[in-house]
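The values are calculated or read from the model by the stated rules, or taken from the named source; none is laboratory data. Note that the structure is a prediction, hence the values are computed from the model and not measured. No Cβ is skipped: glycine too gets one built from the backbone with ideal geometry, and neighbour counts run over all protein chains shown. Side chains are part of the model used for accessible areas, which takes the heavy atoms of the whole protein and leaves out ligands, DNA and RNA. Shrake-Rupley method; radii C 1.70, N 1.55, O 1.52, S 1.80 Å.
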Amino acid sequence: MNNIKRISYVIVGSCLFAMSVNLFLIPASIYNGGITGIAQLLRDGIMNTFNIHPSFDIFGLINLGLNIPIFIFAWSRLSPKFVQLSLLSIITQTVALTLIPIPKSPLVEDVFIAIVLAGIIGSFGASLAFRAKASSGGLDVIGFYYSQKRKGSLGKIYLIINSIIYLICLIVYDVQTAIYSLVYSFVFSWGLDRFHEHNLEASVMVFTKNKDIKAHVISEIHRGVTHWEGFGAYTGTSMDVFVTIVAQSELSDVKRLIRHHDPSAFVIVTKNLKVDGGFEKRLI
């Protein structure tokens, strides 16, 4: 993916996420998890404590401020390109969250439908940033650091922070707000798992007479290959059979490579695998 496409994915994805928050979450009084949820709570606290009602929503600026220390932490520890694109995502979110008007009354009266729409639109937007090998900021940046360095448990961090956010919702607001916010978190996570192809694996089994293809997969796709010699049961013709495991986002490149070297190759693809062992997740 070239740089222009990556930047486009980040900008569009960030705008979609901001739309999901301003058009569906905030009007329905639903709270996000992670840094975004903290920013929502701080926005409410500041406005209620100081009784200020600015002409624009300060939520985006608070979200940006909370992300600054995270990016300072990540700058020298992760890929510079990843950090730059993630920073672009946060800046785009800040602008979009500030400029997109929040409806005075919910666009969708049914809160559960608003949750589903916000979760699907928001998770799809976040997945576009992930496809560009960036992130939507916040705890995602820390998550990528943990996944690269294999340190500690990010799940525990998410669990602790989100538990605090929803506990505050329960205390300050009501049980319904806390439960709906928790449901949104599940819908968003479910959508992200479905849209985020870098996080899903696929098995590719190839039957070909070109014995050089597996070497190209290793050198160009940088994935391991297991191969053996096969024979057609009807013709008895010898052929090369190999299997490789790739991220689903790499499937188009693998298929293109195979067709280039053997247009008549027979290819079987099995998606949504659960892979254990030494498979490398290339998230950034």
If we keep just the residues of region 171-185 that are over 21 Å from G122 (Cβ atoms) and in a helix (DSSP H, G or I), which is most open to solvent (accessible area, probe 1.4 Å)?
-> I171
Restricting attention to region 238-284, which residues are in a loop (DSSP other than H, G, I, E, B), open to solvent by 50 Å² or more (accessible area, probe 1.4 Å) and farther than 11 Å from L200 by Cα?
-> P263, S264, D276, G277, G278, E280
Would you check if I160 is open to solvent by 60 Å² or more (accessible area, probe 1.4 Å), modelled with pLDDT of 85 or more and either of a type in the set (A, V, I, L, M, F, W, C) or in contact with a strand residue (DSSP E or B) (Cβ under 9 Å, 6 or more places away or on another chain) (or both)?
-> no
Which residues, counting only those in region 66-98, are open to solvent by 20 Å² or more (accessible area, probe 1.4 Å) and not in a helix (DSSP H, G or I)?
-> S76, R77, S79
If you go through region 26-41 one residue at a time, do you hit one that is without any contact (Cβ under 8 Å) to a residue 60 or more places away in the chain, touching a helix residue (DSSP H, G or I) at 6+ places or on another chain (Cβ under 8 Å) and assigned to a helix (DSSP H, G or I)?
-> yes
Of (1) open to solvent by 20 Å² or more (accessible area, probe 1.4 Å); (2) modelled with pLDDT of 85 or more; (3) not in a loop (DSSP other than H, G, I, E, B), V108 satisfies every one except (3)
Output for region 204-226, where each listed residue is within 20 Å of S264 (Cα to Cα) and loosely packed, with under 15 Cβ neighbours inside 10 Å = M205, K209, K211, D212, A215
Filtered residues of region 186-227 (kept if assigned to a helix (DSSP H, G or I) and β-branched (V, I, T)) = V187, I213, V217, I218, I221
I46 versus (1) more than 25 Å from F124 (Cβ to Cβ); (2) in contact with a Phe, Trp or Tyr (Cβ under 7 Å, 6 or more places away or on another chain): which is the lone unmet condition?
-> (2)
Quick check: is even one residue across region 126-138 out of contact with any Ser or Thr (no Cβ under 9 Å at 6 or more places or on another chain), crowded, with 17+ Cβ neighbours inside 10 Å and in a loop (DSSP other than H, G, I, E, B)?
-> no
The residue from G137, G152, G143 that alone is under 12 Å from G34 (Cβ atoms), modelled with pLDDT under 85 and not acidic (D, E) is G143
